[in-house]
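The values are calculated or read from the model by the stated rules, or taken from the named source; none is laboratory data. Note that the coordinates shown come from a computational prediction; the quantities given were computed from them, not determined experimentally. Please note: Cβ atoms are built from the backbone with ideal geometry, for glycine as well, and neighbour counts cover all protein chains shown. For the accessible areas, the whole protein counts, side chains as well, though only heavy atoms, and no ligand, DNA or RNA atoms are used. Shrake-Rupley method; radii C 1.70, N 1.55, O 1.52, S 1.80 Å.
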Amino acid sequence: MKNDFDIQEYLSAGADIIVKDALHASFKNSKEIRYLLKFSRHTKKANDIRKKYAENGQNIPAFLIASITSSCNLHCTGCYSRANKACSDDIPFNQLSSEEWEDIFRQAKEIGISFIVLAGGEPMLREDIIETACKYPEILFPIFTNGTLLNEDYFNLLDENRNLVPILSLEGNEEITNSRRGRGIYNKIINSMDLMNNKDIIFGASITFTKGNLALLVSDEFIEKLHDIGCKVIFFIEYVPVDGKNKDIVPNDEEREILLNEIERLRKEYDDMLFLSFPGDEKTSGGCLAAGRGFFHINSHGGAEPCPASPYSDINVKDNSLIDALNSKLFKSLRENGILMDDHEGGCVLFEHKDEVEQLLNG
Ligand code: SF4
């Protein structure tokens with residue numbers, strides 16, 4: 001990592017690029033343009049707030065991942081959330097209330113966090129919290145959903161509140177998606193995409209990137225289909241074998257490089273779409289962005305964790321502020337002892353260093 005690497009410069013540039021590309025991608029959509037122009041002013045203000053904190057030695061990430069429920073209506077093969085026990089069929093226990101999430105959203109706005117990813121389990125099961133998110137247009141909420149619970153009420157909510165952006169999970173084509181998520185799920189997702197496109201609602205797709213499906217995911221046939229149905233952003237999420245199984249389908253460095261090059265190609269070919277990858281190009285971000293460097297995770301009962309793929313926490317935001325969470329003993333030691341910048345085999349450095357993270361937690 002370059003010595004003079006400035007994480008806040010990197011995050012602000014990233015936020016500006018997302019807004020610029022989103023404006024370009026939505027130029028025909030007046031409602032979206034009106035919202036994005038306001039949002040772009042908010043992100044500039046948020047960039048300045050974070051820079052002020054940085055001048056006083058406090059790094060504030062631009063992104064937060066919020067798992068707002070431990071429930072889900074699907075049982076997808078290899079679900080990382082179920083493997084981590086962050087999602088189960090048990091009756092939800094000790095979940096944060098919508099008032100507690102509202103307090104988190106308020107704090108996030110005040111310290112300059114611009115993007116809050118709503119995840120789960122299935123976030124659409126918590127309509128109360130999604131309605132609460134509508135009160136914070138200064139923050140953009142990508143909602144990572146399996147897309148099966150979208151209905152007329154949700155379409156109206158999304159239409160009226162453009163800071164909510166549904167990101168529907170796909171595994172690839174119909175066959176692959178249904179083989180992992182269940183029969184008929186693919187058509188349900190495509191049907192919801194079609195309905196949102198007809199209502200000029202901006203939406204995206206998140207696709208799990210594995211060793212075997214790269215060629216399909218970046219094929220013109222697949223991307224063209226999503227483009228034509230009105231999809232405006234695609235997240236390529238790298239598979240992390242959190243259940244310790246299927247390590248053979250984890251992409252290697254060469255495939256990771258191919259994906260990054262393909263993303264550059266797709267950005268040129270489809271300039272009315274956004275293409276993002278997670279965990280992204282750690283070479284340009286100076287290492288892993290978890291543990292508050294660029295983002296962190298709050299689980300459904302308030303535990304502050306470095307990342308959803310690293311479900312460890314030593315502090316709870318039920319009775320601590322977001323700033324306290326960012327300065328937790330675990331987060332600080334992860335940022336200071338070099339694990340985040342460490343070279344590693346698979347896509348997720350914290351998953352690779354699971355044992356060291358547990359030692360730090362119990363140390
Ligand atoms: S929809 Fe998501 S949280 Fe639910 S089972 Fe599938 S992968 Fe897991």
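Observations on the model:
- Looking across region 193-207, the residues that are open to solvent by less than 10 Å² (accessible area, probe 1.4 Å) and part of a helix (DSSP H, G or I) come down to Met193, Met196.
- Close pairs (6 angstrom Cβ cut-off, 6 or more residues apart or separate chains): closer than 21 Å to Gly120 by Cβ in region 167-191, more than 14 Å from the ligand (Cβ to nearest atom) anywhere: Ile167/Pro142; Ile167/Gly204; Tyr186/Glu174
- Residues in region 213-234 that are open to solvent by less than 40 Å² (accessible area, probe 1.4 Å) and outside any loop (DSSP other than H, G, I, E, B) were compared, and the one that is farthest from Asp194 (Cα to Cα) is Leu214.
- Considering residues of region 62-78 that are more than 19 Å from Glu127 (Cβ to Cβ) and open to solvent by 40 Å² or more (accessible area, probe 1.4 Å) only, the residue farthest from the ligand (Cβ to nearest atom): Phe63
- Val240 passes every criterion in (1) more than 21 Å from the chain's Cα centre (by Cα); (2) in a loop (DSSP other than H, G, I, E, B) apart from (1).
- Checking Phe155, Phe141 one by one, the residue that is closer than 20 Å to Lys38 by Cβ and not acidic (Asp, Glu) is Phe141 and no other.
- Candidate set from region 279-337 (those that are among the β-branched types (Val, Ile, Thr), touching a strand residue (DSSP E or B) at 6+ places or on another chain (Cβ under 8 Å) and in a loop (DSSP other than H, G, I, E, B)); member that is surrounded by the fewest Cβ atoms within 10 Å (Cβ to Cβ): Ile315
- Looking only at region 145-178, and only at residues there that are in a helix (DSSP H, G or I) and within 13 Å of the ligand (Cβ to nearest atom), the one that is surrounded by the most Cβ atoms within 10 Å (Cβ to Cβ): Thr177
- Note on region 98-113: among residues that are more than 16 Å from Asp48 (Cβ to Cβ) and in contact (Cβ under 8 Å) with a residue 12 or more places away in the chain, the one that is most open to solvent (accessible area, probe 1.4 Å) is Arg106.
- When region 79-89 is filtered for residues that are touching a helix residue (DSSP H, G or I) at 6+ places or on another chain (Cβ under 7 Å) and near the ligand (Cβ under 9 Å from one of its atoms), only Cys87 remains.
- Entry remark, region 214-230: residues being at pLDDT below 95 and touching a strand residue (DSSP E or B) at 6+ places or on another chain (Cβ under 8 Å) number 1 in total.
- Single unsatisfied condition, Ile17 versus (1) away from the ligand (no atom under 16 Å from the Cβ); (2) under 30 Å from Tyr239 (Cβ atoms); (3) in contact (Cβ under 8 Å) with a residue 60 or more places away in the chain: (3)
- Within region 90-123, being on the phi > 0 side of the Ramachandran plot and either more than 10 Å from the ligand (Cβ to nearest atom) or not in a loop (DSSP other than H, G, I, E, B) (or both) holds for Asn94, Gly112.
- Residue list for region 294-308, restricted to those being under 26 Å from Ala54 (Cβ atoms) and under 15 Å from the mean Cα position of the chain (by Cα): Gly294, Phe295, Phe296, His297, Ile298, Glu305, Pro306, Cys307, Pro308
- Some residue of region 200-221 being among the aromatic types (Phe, Trp, Tyr) and more than 12 Å from Ser169 (Cα to Cα): no
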